[in-house]
There are 2 protein chains.
Amino acid sequence: MTDATAARLDRDDPLAGYRERFVGSEDSLVYFDGNSLGRPLRVTGDRLARFVEEEWGGRLIRGWDERWMDLPIAIGDELARITLGAGPGQTTIGDSTTVLLYKAMRAAVAARPGRAEIVLDRDNFPTDRYLAQGIAAELGVRLRWIDVDTSAGVTADQLAAAVGPDTALVVLSHVAYRSAWLADMPTLTAIAHDAGALVLWDLSHSVGSVPMQLDAWDVDLAVGCTYKYLNGGPGSPAFVYVAARHLADLVQPVQGWIGAADPFLMGPDYAPAEGIRRFLSGTPPILGMLAMQDMLALLDEAGMPAVRAKSEGLTGYAVQLAEELLGPAGVELASPADPERRGGHVTLNHPLMQAVTAALWQRDVIPDYRDPQGLRLGLSPLSTSYAEVRVGIEAIAEELVRAD
Amino acid sequence: MTDATAARLDRDDPLAGYRERFVGSEDSLVYFDGNSLGRPLRVTGDRLARFVEEEWGGRLIRGWDERWMDLPIAIGDELARITLGAGPGQTTIGDSTTVLLYKAMRAAVAARPGRAEIVLDRDNFPTDRYLAQGIAAELGVRLRWIDVDTSAGVTADQLAAAVGPDTALVVLSHVAYRSAWLADMPTLTAIAHDAGALVLWDLSHSVGSVPMQLDAWDVDLAVGCTYKYLNGGPGSPAFVYVAARHLADLVQPVQGWIGAADPFLMGPDYAPAEGIRRFLSGTPPILGMLAMQDMLALLDEAGMPAVRAKSEGLTGYAVQLAEELLGPAGVELASPADPERRGGHVTLNHPLMQAVTAALWQRDVIPDYRDPQGLRLGLSPLSTSYAEVRVGIEAIAEELVRAD
């Protein structure tokens, strides 16, 4: 493959035109970290400035009654429709991913009294593991760990062997943060349900790049990040999905006024709100949920199937180029070769990758590095071009030679 | 007193010039809700737009290493120096006020093993009460409630009678959200300490308008809101202060990667970070902590003693005008008459106040209403003029006549 291949792929890409809507797409910088922090859209800065002048400054406290109080669930519903395959009333923007995972885990364990085990895998994202450890200690439940091949994920057989009558909750990531392994969500969910357990899916590394059907797949709970493929900006608030059938029974422990049945009654006792609002605690972070609306509109316009097709195209091209240009140097693919089982990023292993990543940053090629030896290419579908993939992987080849 | 009095007070006000730095100060709207949502500064919209273009869009993921990772504690240190009377390394911007109160309560109760009681008052803000109820239920500790005169707060005698060898934690508000009662923080803290208990102060309704000396007053923990007198924007993230002497021993339960000793190690087990970072859980909400920096700079420029003097001037003027213009209609002052015991707002009780508040909003006079019959005048010192107070209270007088 030559540069002409990248040019042809970009020419034939029906979504190529979206790239110029992002800040900085005119620069020569090669950005492979859209799965850690998505680029802002060009319209976002103006949206924020206008919000300050017109909504915050103009409406002041009235903004809560007029629009902001409903915004977490209004955006949640849009996010659910566009990216989650879920109906309204089950999703809200809330706190950080960590805090929402905490609330969801706590609520789920409490909903399975008499069951004393949380099942999860050793390669899940650190926050998920740390939270589960803390919750296990505070509630006196056990953790059952599944060992996984770090270039893959939890298999159906592994999960079936791990769950049982004592399993309260299974915690899994839809796309693994290192390998990009794409879990079979409907199959794994059904296995947990067969054991009478609930499942909490962490969607942080999939939402906005991998389509899903949470309602049809009978998912119980899910939490996801909005600053990766949803371009909400650094530290933008996360979302939580709770299936409608569970909403009356799941209660989370951080009881704040916004999650109370009548927030303005300010009465003596807390009673959780009907519906998904019960998963809120404090005043919704309105400023932080503005930017993600621009990206959701873009994903809606492009359509998630087309976004996924572009994502598979980008990761497939990266895998091919890596084999051709980096394979001879001993670089190994640490992500699934099968595009059906691969999320939106590609991880390439080599003992020198930490040094290579540092050298690449110096020349404005920005991948990420994850221990023990993985260089991670996050290829955000709407803001990444095939030419960028080509230039970036050639740079990796050069830096591998230099670091050797 | 006549309009000329207001004009003279504004003319003599050394801080009068600050008002024009806020969005909308040129409008005729009378804003009495700066204690619920402070006005944005004129520089804030541009700061946000520039952040999107230059920092988020320009630095992308590199922004974390370069500046954002340290920002919660850097802003926390500034906030501590300017408004809390506290040295560095003890304060961080974090989650919502509710979530930080939850973490602080949980950490404090765990630090007093063998003590099974949380002491708080029935007039504390609903979130504080609801959280304590939830935590009491989950940890099996008791709540000991102090009944207070709703136009006052917890007295030294009341607290001394309530605490004892079984008290783990006392939860108090520095300024009461309804009455504006300003608690005697050093005295009450000492009483709790004499019983061996820790104290958690909720500073939401005081920070940025009432000076304090958390270090000198030997405070243990404090949490406060940044969208009231710190003008951080709707739902901006809150802050938590933990005295340096407690930092090694206090551990909060929401164990996320950012609060871990080495966030990028991503190892198998959670160990809390040294220092105040252990109170963080998820990725810091950077976009949400931009605006408050503009207000902190303004408070630093004006100086908290001058801000407090202006605040006492405004609330004193409001109290005088209310007596003169509203007293004959049966309006009662529900805030302390003594300015030394009064925070930055004034609450006026009358059976018709709910209807009066609604009518005032229709004519662009914006106070707040709190059950059972309180109209609340939040007089943010740097963005409120004496003329505004005069116009607003005259409007209340007119609407009281109309509603009667």
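The values are calculated or read from the model by the stated rules, or taken from the named source; none is laboratory data. Just so you know, these numbers come straight off a predicted model, no measurement behind them. Cβ atoms come from the backbone with ideal geometry, glycine included; neighbour counts cover every protein chain shown.
Looking across segment A:9-27, the residues that are part of a helix (DSSP H, G or I) and either within 14 Å of chain B (Cβ to nearest Cβ) or within 17 Å of residue A:299 (Cβ to Cβ) (or both) come down to A:16, A:17, A:18, A:19, A:20, A:21.
One line per residue, one yes/no per condition, for (1) touching a helix residue (DSSP H, G or I) at 6+ places or on another chain (Cβ under 8 Å); (2) within 14 Å of another protein chain (Cβ to nearest Cβ); (3) of a type in the set (Asp, Glu); (4) under 30 Å from residue A:312 (Cα atoms):
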residue	(1), (2), (3), (4)
A:114	no, no, no, no
A:119	yes, no, no, no
A:128	yes, yes, yes, yes
A:131	yes, yes, no, no
A:146	yes, yes, no, yes
A:156	yes, no, no, yes
A:167	yes, no, no, no
A:177	no, yes, no, yes
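Confirm whether residue A:308 is crowded, with 24+ Cβ neighbours inside 10 Å and either modelled with pLDDT of 95 or more or on the phi < 0 side of the Ramachandran plot (or both). Against the criterion (crowded, with 24+ Cβ neighbours inside 10 Å and either modelled with pLDDT of 95 or more or on the phi < 0 side of the Ramachandran plot (or both)), residue A:308 does not qualify. Flag not set for residue A:334, criterion: farther than 21 Å from residue A:390 by Cβ and either aliphatic (A, V, I, L, M) or buried (at least 21 other Cβ atoms within 10 Å of the Cβ) (or both).
Restricting to segment B:334-346, name every residue that is touching a helix residue (DSSP H, G or I) at 6+ places or on another chain (Cβ under 9 Å) and in contact (Cβ under 8 Å) with a residue 24 or more places away in the chain. Before the answer, list the steps.
Here is the first cut: in segment B:334-346, the residues touching a helix residue (DSSP H, G or I) at 6+ places or on another chain (Cβ under 9 Å) are B:335, B:337, B:339-340, B:342-346.
Passing the criteria: B:335, B:339, B:340, B:342, B:343, B:344, B:345, B:346.
Restrict the check to segment A:83-91 and report whether at least one residue is within 14 Å of another protein chain (Cβ to nearest Cβ), closer than 30 Å to residue A:303 by Cβ and surrounded by fewer than 24 Cβ atoms within 10 Å (Cβ to Cβ). No, segment A:83-91 contains no residue that is within 14 Å of another protein chain (Cβ to nearest Cβ), closer than 30 Å to residue A:303 by Cβ and surrounded by fewer than 24 Cβ atoms within 10 Å (Cβ to Cβ). Among the criteria (1) over 21 Å from residue B:131 (Cα atoms); (2) facing chain B (nearest Cβ under 8 Å), the one residue A:269 does not fulfil is (1). Those residues that are more than 7 Å from chain B (Cβ to nearest Cβ), closer than 17 Å to residue B:53 by Cβ and either among the aliphatic types (A, V, I, L, M) or in contact (Cβ under 8 Å) with a residue 40 or more places away in the chain (or both), I need them from segment A:28-65; list them, please. Result: A:29, A:38, A:41, A:43, A:47, A:51. Quick check on segment A:58-73: of everything there that is aliphatic (A, V, I, L, M), out of contact with any Asp or Glu (no Cβ under 9 Å at 6 or more places or on another chain) and under 24 Å from residue B:45 (Cα atoms), which residue is surrounded by the fewest Cβ atoms within 10 Å (Cβ to Cβ)? Across segment A:58-73, the extreme among qualifying residues is A:69. Per the listing B:359, B:337, B:318, the residue uniquely of a type in the set (A, V, I, L, M), in the same structural domain as residue B:393 (by TED's automatic domain parsing), over 19 Å from the mean Cα position of the chain (by Cα) and more than 25 Å from residue B:210 (Cβ to Cβ) is B:359. For residue A:276, the criteria (1) out of contact with any Asp or Glu (no Cβ under 7 Å at 6 or more places or on another chain); (2) within 12 Å of another protein chain (Cβ to nearest Cβ) hold in every case but one, which is (2). Of all the criteria given as (1) in contact with a helix residue (DSSP H, G or I) (Cβ under 9 Å, 6 or more places away or on another chain); (2) assigned to a helix (DSSP H, G or I); (3) over 18 Å from residue A:238 (Cβ atoms), the one not satisfied by residue A:72 is (3).
For segment A:280-338, enumerate the residues that are within 14 Å of chain B (Cβ to nearest Cβ) and part of a helix (DSSP H, G or I). Can you show your working first?
We begin by selecting, within segment A:280-338, every residue within 14 Å of chain B (Cβ to nearest Cβ); these are A:280-295.
Result: A:287, A:288, A:289, A:291, A:292, A:293, A:294, A:295.
Whether any residue in segment A:114-121 is modelled with pLDDT under 95 and surrounded by 21 or more Cβ atoms within 10 Å (Cβ to Cβ) is what I want to check. Step through it out loud before you land on a result.
Residues of segment A:114-121 that are modelled with pLDDT under 95, as a first pass: none.
No, every residue in segment A:114-121 fails to be modelled with pLDDT under 95 and surrounded by 21 or more Cβ atoms within 10 Å (Cβ to Cβ).
The set of residues from segment B:357-404 being in a helix (DSSP H, G or I), aliphatic (A, V, I, L, M) and either free of Cβ contacts under 8 Å to residues at least 24 places away in the same chain or within 17 Å of residue B:6 (Cβ to Cβ) (or both) comprises B:358, B:387, B:389, B:391, B:393, B:395, B:396, B:397. Of all the criteria given as (1) at pLDDT 95 or above; (2) over 29 Å from residue A:360 (Cα atoms), the one not satisfied by residue B:58 is (2).
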